[in-house]
Amino acid sequence: MKKSNIGLITFPVGKAGVIPISNFLEILSPISKDIYLITGNEGYDFFNEDGRFIVSGIHHERGGNIFIRIIKYIFTQLKISYRMVQISKNIDLWIFFIGGHALLLPMLTAKLLGKKVILALAGSSLEGFTPTNNNVSKPIKILENSNRLLSNHIVIYSSNLIKEWKLEKYMKKISIASRHFLNFDTFKITKNISERKNLVGYIGRLSEEKGILNFIEAIQVATKKREKKEDLEFLIGGDGELYDKIIKFLDENNLNNKVKLTGWIPHDELPNYLNELKLLVLPSYTEGLPNIMLEAMACGTPILANPVGAIPDVIKDGETGFIIKNNNSEDIAEDIVRILNHPYLNRIVKNARNLIEQKFSYDARVEDYKKILREVL
């Protein structure tokens, strides 16, 4: 297949978005000539050793009331569109990645310039979860639907997401592929599950759609349900808008001696944390395919997850992990106690590690996107 120049567009991302972007660039690298990345993340290093990634940082100001935020959002889209026009002659194909699902002005710019566009839906959708601010969610859904209609191709992580994200009308232009691969020399088992304390963790963004509030409420319930309360400990890693609310809940319920808050965990330190956990809980209301789940499985850490997005493709209850019966504090607590007493955790850990090694190698991801680019171009 002839190699093409690819433009990759993302909206400004937080710390959690750096690894997905870097991984995606690594996947595209062997099947493209040059890659032009337009993002809002000035100061992040997205370059590899051969310097074939050309990064354009678009500064996006955050904050303000809803009207100001909308103006800033539109202004950022205009800046992205202008940068696209500047480098258009060098681009054969645009890929809209993290945050690109709602970037309508850049999408229109790409189409007016006669370029083909792949919409790579990177993670959670608004479908299936209603944020607090409905004034924001409704316009974003309109932008999402417009971009889905205008794109030449849509890439999602799992066939489960077609119904969950209401994509049935776009079936003819959908491909199933992830951008997930792991370095198995880094994410590996260094501490056997039998040697770990009863430490239960959550690692991720501290926001409503991630179900973190359900988890902290489950901590209180689980400590009451478990007979040996003194040996049960919890860890919360991450940051986000609910951090202060979580602190307040732990204070009010006298749980500070049971819970350790680490703040944001650098990616290179994750294997150490994951090898200490006896269980990782993912109570998200909406997901694509969470990195942390795959990384935990590679480190021999059992997963308890809500079956949304592509999670059921990977987690089979009692085989490669555990599925939350109902995403509420009572059921999460009951599951935590059940899993810590499970007699076959070693077998489940082994099954999970084998699955990850088979399905999430770098070579498999490159082949997936080679096929998609061949189809689109």
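Okay, here's what the table says:
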quantity	calculated
GluC sites (Glu not before Pro) lying in DSSP loop within region 293-377, provided at most 14 other Cβ fall within 10 Å	Glu319
Most fluctuating residue given options Asn90, Asn23, Asn214, as computed from a GNM of the chain linking Cα atoms under 10 Å	Asn90
Trypsin sites (Lys or Arg not before Pro) restricted to DSSP loop in region 286-355 with at most 16 other C-beta within 10 Å	Lys316, Lys325
Candidates Glu241, Glu233, Glu144, ranked by Gaussian network fluctuation over the chain, Cα under 10 Å, top entry	Glu241
Size of electric dipole in the chain: Cβ of Lys, Arg +1 and of Asp, Glu -1, about Cα centre, debye, nearest 20	1160
On Cα atoms only, tilt of 345-359 relative to the major axis of the chain in degrees	10
Phi-based couplings in Hz for region 241-257 (Karplus 6.51, -1.76, 1.60; Gly and Pro marked x)	5, 9, 4, 5, 5, 5, 4, 4, 4, 5, 5, 5, 10, 6, 10, 4, 6
Set of aspartates and glutamates with alpha-carbon distance to Lys79 below 15 Å, sequence-local pairs under 8 removed	Glu42, Glu61
Cα-based reach from Lys248 at 23 Å (exclusive), listing lysines while leaving out same-chain residues under 8 positions away	Lys210, Lys224, Lys225, Lys229, Lys258, Lys260
Three-way shape label, region 152-208, alpha-carbon gyration tensor, a/c 1.5	prolate
Cut-off under 5 Å, modelled amide H: who pairs with Ser4 long-range	Lys33
Eligible lysines near Lys169 by straight Cα distance, threshold 20 Å, same-chain separation 8 or greater	Lys116, Lys138, Lys141
Pairwise centroid distance, computed over Cα atoms, of region 318-358 with region 189-267, Å	17
Estimated 222 nm signal from helices in the chain, with DSSP H stretches of n ≥ 4 weighted -39500 (n - 2.57), rounded to 500	-12000 deg cm²/dmol
Stokes-Einstein D (µm²/s) once Rh is taken as the Kirkwood radius of region 193-359 over alpha-carbon pairs, at 4 °C in 1.567 mPa s	83
Low-density loop positions, chymotrypsin sites (Phe, Trp or Tyr not before Pro), region 169-206 - DSSP coil, at most 15 other Cβ in 10 Å	Phe184
Vicinal HN-Hα couplings computed from phi for region 163-176 (Karplus, 6.51 cos²θ - 1.76 cosθ + 1.60; Hz; Gly/Pro x)	6, 4, 9, 6, 10, 4, 6, 9, 3, 5, 10, 9, 10, 9
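FYI, it's all coordinate maths here, none of it is from the lab. None of the values given here were measured: they were computed from a predicted structure. Positions of Cβ are backbone-derived with ideal geometry, glycine not excepted, and every protein chain shown enters the neighbour counts.
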